Structure formats: structure tokens, C-alpha cells
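The values are calculated or read from the model by the stated rules, or taken from the named source; none is laboratory data. As the structure is a prediction and not an experimental result, all values here were calculated from the model. Because the Cβ atoms are built from the backbone with ideal geometry, glycine has one as well, and the counts that use them run over all protein chains shown.
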Amino acid sequence: MPHSEFLGCLLIKCLRLLLQTRKLPDELFLRASYRTFLRREPDELGSNHYLQALRSQRVKRWKVVNSIIRSPEFRQGNILEALHRARVMVVSTCLPPAQVVVDLGGAANGRPEGALLFMGYPHRPAQITIVDLPPSQRFNWTADPEPSQDFVTPAGVRVRYLYGSMADLSLISDTSVDLVWCGESIEHVTEEEADAVCRQAYRVLRPGGYFCLDTPNASLTRLQSPEAFIHPEHKKEYHVAELRAKLEAAGLQVLEAKGVCPMPKSLQAGVFEDEELMRNITLSEVPEQGYLFYLKAVRPVRKTRPAASSGEVRMNTLSSPEGWPKTAKYWSRKPRLIG
């Protein structure tokens, strides 16, 4: 969504709220404002602050709404919304079709079909295996686990869950998978585990199969948060070249790279501007400029030589080192001089 369209939608939402609550008491107006823009109930401190200002007539209701949508909480929520929209673009336009998919870290609270299908993967695989931690060990986990670890969606896709580390794919057979997808997950394991993930992805992929992933770009997350990772569970935030090198070291070939929510001005100025991120809900051909970056790698198809004919076998016996034990003595004799 372009930034101008986002602002237009926000303005309409503000006007609709003010019209719908104009005859309601201040308490209900404030509750509706919090639910609309912050998606929660008012906290005691915020409620007291705004209600006192409204009752003393020091501020009008539109100023309360303006204050809420300018708050860091609202802006952070819209950054996450912007990133979600951009990642939906990645899933719906960049991921290749596949029959057998492995989704690393792909559980989604309240969505048993998993994040890949929920985010609009446009193809219909026969099977998706979601490798993730058990529900009780996930960050922000809910009390509701997946209803089943193996079921078929109404669209006919078999979904099965393997609970454990995404660095351990030992239950998945060699060369049995068309696509391994790792959506914002590689940053949640150590570098050593990430190396194992890349090796395991290579092992389970069929020749010609794809390993695709997206992850935060350290070039921008260090501007956003110089002293710490942007998420408490992150173990490593990568620069593009670092992750590309890991994929290539595992034998994979990187075919495509994109920036997700490009932020060239922030990079150039050396100052993180969240407005730029929310303006640029799009994909870029320059991965180094994206707040996230996306890589698409393939397990190369090894070319094999066709079987030799019987005539070639005989010639090889004479001309190759393997044939020397039987023939080298004859061919190595010096010619006799005649006369």
C-alpha cells in the first residue's frame, strides 16, 4: 500500500470513529479509540490522563485521537503492519511452486495451517511440514496448541508438524523436498546452527529444489537499535553478504536477492527513519537497502556423463591410465631399428 493511500485510510478511520462516538460518554469514546488504533483496552495511567483533559475541556476529542496515532506504540504497530504487508508480497510473488514443502519456524498462533498458507502462498502443495518448537516453548505462546500434528486442510493440503529445532531435519528423507522456506527464522538460531540449517536444507532438497528465506538486514537494524538486537530472541542479525556466504558454503547457488521495505535514505543518512519504512511497502532489486532481505537459492542439478558405448570402452582401455596395466608394456617399447 503506498504511503498516501495509508494516510488516506487512517484519516477515514479517524473521522469514522469521531462520528460514531460523538454521542457517547468520554469513557466509551476513549475505549473505542484505544481498541481502534492500539488494539487493546486503555491502561489506567493513559485513561486517567485523557479523561481528565477531556472533562476539563482542555482538549477536544480529535486531539486525543491525534495524540494516540502519534504515539510510539501506534507507530511501532504500523511498522509491524508494513513489514507484514511487504512479507505477504514476498510469499505471494517470489516463492516458487512446490509439491513438497518444509517450512522452518512456520507455526502461527491461531492458524493451524501455518504461516505460509496464512500469508497467501499462491500455489497448492501436496504437503507442508512445519518444523517449529512446541507451543509452550515459543515466544508469546498461547495456551492453544495446534489441534493436530497431522491433518489435511479444506483445500487438500496435508500439514504436519515436527516439534524441535529447525537445525535438526533428521526425520526428513534425503532429496525428498521441493522447497524449504525459512520466513524470518534464521535469525533465531546461532551461527553454528544456521550453518547446520543450510547443510540440512541442501540434504533434503531434490536437485533443482529451492531454499528461500527472508531475515532482518543488520545494516538497518543496527541503525534502529545500536546496542542490542531488535528482538529478544534473536541470536544473529545478518548482512546480506554473510548469509549469502553461508548458503554457498553449503553447496547452494543463490539465484535471486531482494530488499523488503527498502530504506536507502536511512542508510545514506545513518539515521533510522521509521516513516521511510512505512512509505516503502514494496520490494527492491537491491537487497542491501531492505529492512529485510530475501534470498532464493537452489540445490544445483549435477550433470552426469552419458554411458560410454562398447567402442569407447575399448578405446579408453588403450588410452586411459586405467588400461595401462594390460597394454602399457606393449605401447611403451621402443621401436626396433631395421637394417
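Could you go through the range 46-66 and let me know if any residue there is in the same structural domain as ILE128 (by TED's automatic domain parsing), farther than 25 Å from GLN200 by Cβ and in a helix (DSSP H, G or I).
First pass over the range 46-66, keeping only residues in the same structural domain as ILE128 (by TED's automatic domain parsing): none.
No, the range 46-66 contains no residue that is in the same structural domain as ILE128 (by TED's automatic domain parsing), farther than 25 Å from GLN200 by Cβ and in a helix (DSSP H, G or I).
Of the residues ALA228, ALA194, ALA201, ALA245, which is assigned to a helix (DSSP H, G or I), without any contact (Cβ under 8 Å) to a residue 40 or more places away in the chain, small (Gly, Ala, Ser) and assigned by TED's automatic domain parsing to the domain that holds VAL131?
On the way: ALA228 fails: assigned to a helix (DSSP H, G or I); ALA194 fails: without any contact (Cβ under 8 Å) to a residue 40 or more places away in the chain; ALA201 fails: without any contact (Cβ under 8 Å) to a residue 40 or more places away in the chain.
Being assigned to a helix (DSSP H, G or I), without any contact (Cβ under 8 Å) to a residue 40 or more places away in the chain, small (Gly, Ala, Ser) and assigned by TED's automatic domain parsing to the domain that holds VAL131 holds for just one of ALA228, ALA194, ALA201, ALA245, which is ALA245.
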*Pick from GLY106, GLY156, GLY77: which is at pLDDT below 95 and surrounded by fewer than 16 Cβ atoms within 10 Å (Cβ to Cβ)?*
GLY77
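Working only within the range 269-306, note down all residues that are polar (S, T, N, Q) and either at pLDDT 95 or above or in contact with a helix residue (DSSP H, G or I) (Cβ under 9 Å, 6 or more places away or on another chain) (or both). Walk me through how you get there before you give the answer.
Start the filter on the range 269-306 by keeping residues that are polar (S, T, N, Q), which leaves 280, 282, 284, 289, 304.
Those that are polar (S, T, N, Q) and either at pLDDT 95 or above or in contact with a helix residue (DSSP H, G or I) (Cβ under 9 Å, 6 or more places away or on another chain) (or both): ASN280, THR282, SER284, GLN289.
Looking for something in the same structural domain as GLN224 (by TED's automatic domain parsing), modelled with pLDDT under 95 and in a helix (DSSP H, G or I) - is there at least one such residue anywhere in the range 258-268? Spell out how you get there, then give the answer.
From the range 258-268, those in the same structural domain as GLN224 (by TED's automatic domain parsing) are 258-268; that's our starting set.
Imposing the further condition that a residue be modelled with pLDDT under 95 reduces the set to none.
No; the residues of the range 258-268 include none that is in the same structural domain as GLN224 (by TED's automatic domain parsing), modelled with pLDDT under 95 and in a helix (DSSP H, G or I).
Of the residues LEU116, LEU95, LEU169, LEU83, which is touching a residue at least 60 places away in the same chain (Cβ under 8 Å), over 25 Å from GLU192 (Cα atoms) and assigned to a loop (DSSP other than H, G, I, E, B)?
Working: LEU116 fails: assigned to a loop (DSSP other than H, G, I, E, B); LEU169 fails: over 25 Å from GLU192 (Cα atoms); LEU83 fails: assigned to a loop (DSSP other than H, G, I, E, B).
Result: LEU95 is the single residue among LEU116, LEU95, LEU169, LEU83 that is touching a residue at least 60 places away in the same chain (Cβ under 8 Å), over 25 Å from GLU192 (Cα atoms) and assigned to a loop (DSSP other than H, G, I, E, B).
Condition check ((1) surrounded by fewer than 23 Cβ atoms within 10 Å (Cβ to Cβ); (2) of a type outside the set (A, V, I, L, M, F, W, C)) across all residues:
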{"site": "LEU171", "(1), (2)": "yes, no"}
{"site": "HIS188", "(1), (2)": "yes, yes"}
{"site": "ALA228", "(1), (2)": "yes, no"}
{"site": "HIS234", "(1), (2)": "yes, yes"}
{"site": "LEU243", "(1), (2)": "no, no"}
{"site": "GLU248", "(1), (2)": "yes, yes"}
{"site": "LEU255", "(1), (2)": "yes, no"}
{"site": "GLY259", "(1), (2)": "no, yes"}
*Of the conditions (1) in contact with a strand residue (DSSP E or B) (Cβ under 9 Å, 6 or more places away or on another chain); (2) closer than 26 Å to PRO72 by Cβ, GLU256 fails just one. Which one is it?*
(2)
